[in-house]
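See below for the structure under consideration.
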Amino acid sequence: MGNIDTDAGRSVAANGNAGLGGGIDEALALVADKIRQQVPYLRLRQLEELRAFSHYERVPLGDLERSTERNVLRIADLLSGQRDASSALLEEKDVSTRRRVDQGVPPEVVRSAHRAVVAILVDEFVEIGRSEGISTDAVLAGVRRIWDWTDTVVDSIVEDRHGIELEKSIRREGRRADFFSRVLNGGFPTEEIAEIGDFHGLKAETDYWLTLFDGQDSAAASLVERLVPSTLDRSIVGFVHGHLAALTTAAVPDSQEFSTSLMACVGPFRPASIHEGVGLALELLRSARLFNIMGVVTSKNLALHLALLRQPEVGETLCGQYVAPLGEGAAAEALTETLRTYLREDKSVQRTAEHLFVHPNTVRYRLEKFRCSTGANLDRTDETVRVWWALEYDVIRQRTGTDES
């Protein structure tokens, strides 16, 4: 229910009396007094009408009794043109509106219910007016006042609801962001995560995968929200060191749809230990950027690259064995690029030549030169791995200073 804006009510009353004569005011004041005398009865009539609206079952009876009594007294004040003498005894409109929001009564239901109970009060006004013998003009003026006021109140309720719901949404989003920030950073005791997390859809006994997107890749994040299941209303939960973060109940698939984006997916973790995956996800993003790798990166498909970063002393040793002997300059760079391509193309001379736009014999010449300079035998698997390690670590050395977590 809504309270009458008394200034608006007096304005409507003034307009309703225009050109009708002072007798109408006296007649309406008489009916208003009769209406005040029937507060208990009219309150009961409204409560019976409200039973038809299931959402009002959530509203405590005391709230409804105050609202329905307020409706009667406000209409009586409106008809008599008096100030709202009862306002000190009744809750303000915004308080009532906030309560309906908290009680989960939709605005369209509030609007319909308000019009339904006002219709009862209008019928009662007409009945009393006839029994008191007031003129048809007075009855019509009173009905017009009541419905004009109702339109004002309904519009006000809708406007207030929008403002309140926006305010609540902002507060709710703030609480959500704060909660997940603390979850990602390990700032919650396990028991609190179980208690508070359920409110946000984070289930304590469910496994989750943490995905960090490279920067603020909202397009990729939207795709993950659409394709990957989650118990959350929105799997995007905030930012970690400037990267969008998502929590899902399945790993993000390494599919073609994500091939042009970069994201690190780690898991599974229970909510209490999700923060443990943050460091690994950041490390995966850093590794992928260093090696120009795109798509979904995990500790499985990026295991060797992680090892490269974690064991720099091994890389330095292998670079000394397989890279340093090649020297420097354009010729050395062409040689290392040929070797990287050769290993990436599964040691196919033909595919390497096609990729580099050179003759196959050029590839063979460079491979032989590498063998002569380093003594490496690429027919041996263990030595092939060492050469790959040296070449990839050389990439890291060349890109020193470009890492940004």
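Each residue in segment 185-201 was checked for being touching a helix residue (DSSP H, G or I) at 6+ places or on another chain (Cβ under 7 Å) and under 10 Å from Ala272 (Cβ atoms), and 4 pass. Considering segment 366-403, and only residues there that are at pLDDT 90 or above and of a type in the set (Val, Ile, Thr), the residue that is nearest to Ala332 (Cα to Cα) turns out to be Thr374. Of Thr338, Thr352, all but one fail to be in contact with a Lys or Arg (Cβ under 7 Å, 6 or more places away or on another chain), β-branched (Val, Ile, Thr) and in a helix (DSSP H, G or I); the exception is Thr338.
Looking only at segment 106-140, how many residues end up being more than 20 Å from Arg45 (Cβ to Cβ) and modelled with pLDDT under 90? If you could, list the steps in order and put the result at the bottom.
Here is the first cut: in segment 106-140, the residues more than 20 Å from Arg45 (Cβ to Cβ) are 106-108, 133-138, 140.
Now restrict to residues that are modelled with pLDDT under 90: 106-108.
Here the count works out to 3.
Specify which of the listed residues (Thr341, Thr317, Thr336, Thr384) is open to solvent by 50 Å² or more (accessible area, probe 1.4 Å), of a type in the set (Ser, Thr, Tyr) and within 28 Å of Ser299 (Cβ to Cβ). Lay out the reasoning, then the answer.
Numbers: Thr341 fails: open to solvent by 50 Å² or more (accessible area, probe 1.4 Å); Thr336 fails: open to solvent by 50 Å² or more (accessible area, probe 1.4 Å); Thr384 fails: open to solvent by 50 Å² or more (accessible area, probe 1.4 Å).
Among Thr341, Thr317, Thr336, Thr384, only Thr317 is open to solvent by 50 Å² or more (accessible area, probe 1.4 Å), of a type in the set (Ser, Thr, Tyr) and within 28 Å of Ser299 (Cβ to Cβ).
Every listed requirement among (1) part of a helix (DSSP H, G or I); (2) modelled with pLDDT of 90 or more; (3) among the aliphatic types (A, V, I, L, M) is met by Val158 save one, (2). Checked against the criterion of being under 19 Å from Phe291 (Cα atoms) and either more than 48 Å from the chain's Cα centre (by Cα) or aromatic (Phe, Trp, Tyr) (or both), segment 340-358 contains one or more residues that satisfy it. Taking the criterion of being of a type outside the set (Ser, Thr, Tyr) and either free of Cβ contacts under 8 Å to residues at least 24 places away in the same chain or loosely packed, with under 14 Cβ neighbours inside 10 Å (or both), the residues of segment 350-366 that qualify are Gln350, Arg351, Ala353, Glu354, His355, Leu356, Phe357, Val358, His359, Pro360, Asn361, Arg364.
Could you check, for segment 307-325, whether at least one of its residues is in contact (Cβ under 8 Å) with a residue 12 or more places away in the chain, basic (Lys, Arg) and under 17 Å from Phe291 (Cα atoms)?
If we filter segment 307-325 for residues that are in contact (Cβ under 8 Å) with a residue 12 or more places away in the chain, which is where we start, we get 308-309, 312, 314-316, 318-319, 321-323, 325.
Among the residues that remain, those that are also basic (Lys, Arg) are: none.
No.
Filtering segment 156-193 to residues that are open to solvent by less than 40 Å² (accessible area, probe 1.4 Å) and touching a strand residue (DSSP E or B) at 6+ places or on another chain (Cβ under 7 Å) leaves Phe180, Leu184. Need at least 2 residues that are surrounded by fewer than 21 Cβ atoms within 10 Å (Cβ to Cβ) and within 19 Å of the chain's Cα centre (by Cα) per element, so show me which strands (runs of 3 or more DSSP E) inside segment 194-301 make the cut, counting only ones lying wholly within it. The qualifying strands (runs of 3 or more DSSP E) are 236-240. For segment 367-381, a tally of residues being surrounded by 15 or more Cβ atoms within 10 Å (Cβ to Cβ) and not in a loop (DSSP other than H, G, I, E, B) returns 4.
Sort through Leu184, Leu202 and tell me the only one that's touching a Pro at 6+ places or on another chain (Cβ under 9 Å) and under 30 Å from Ser287 (Cβ atoms). Working first, answer last.
Details: Leu184 fails: touching a Pro at 6+ places or on another chain (Cβ under 9 Å).
Going through Leu184, Leu202 in turn, the sole match is Leu202.
If you go through segment 37-55 one residue at a time, do you hit one that is modelled with pLDDT of 85 or more, among the β-branched types (Val, Ile, Thr) and closer than 17 Å to Gly129 by Cβ?
Initial filter on segment 37-55 (modelled with pLDDT of 85 or more): 37-55.
If we keep only those that are among the β-branched types (Val, Ile, Thr) too, we end up with 39.
Keeping just the survivors that are closer than 17 Å to Gly129 by Cβ gives none.
For segment 37-55, residues modelled with pLDDT of 85 or more, among the β-branched types (Val, Ile, Thr) and closer than 17 Å to Gly129 by Cβ: absent.
For segment 330-343, the count of residues that are of a type in the set (Phe, Trp, Tyr) and free of Cβ contacts under 8 Å to residues at least 40 places away in the same chain is nonzero.
The values are calculated or read from the model by the stated rules, or taken from the named source; none is laboratory data. Since the structure is predicted, the reported quantities are computational estimates derived from the model, not experimental observations. Neighbour counts are summed over all protein chains in view; Cβ atoms, including those assigned to glycine, are modelled from backbone coordinates with ideal geometry. In case anyone asks, the SASA skips ligands and DNA or RNA and just uses the protein heavy atoms, side chains included. Shrake-Rupley method; radii C 1.70, N 1.55, O 1.52, S 1.80 Å.
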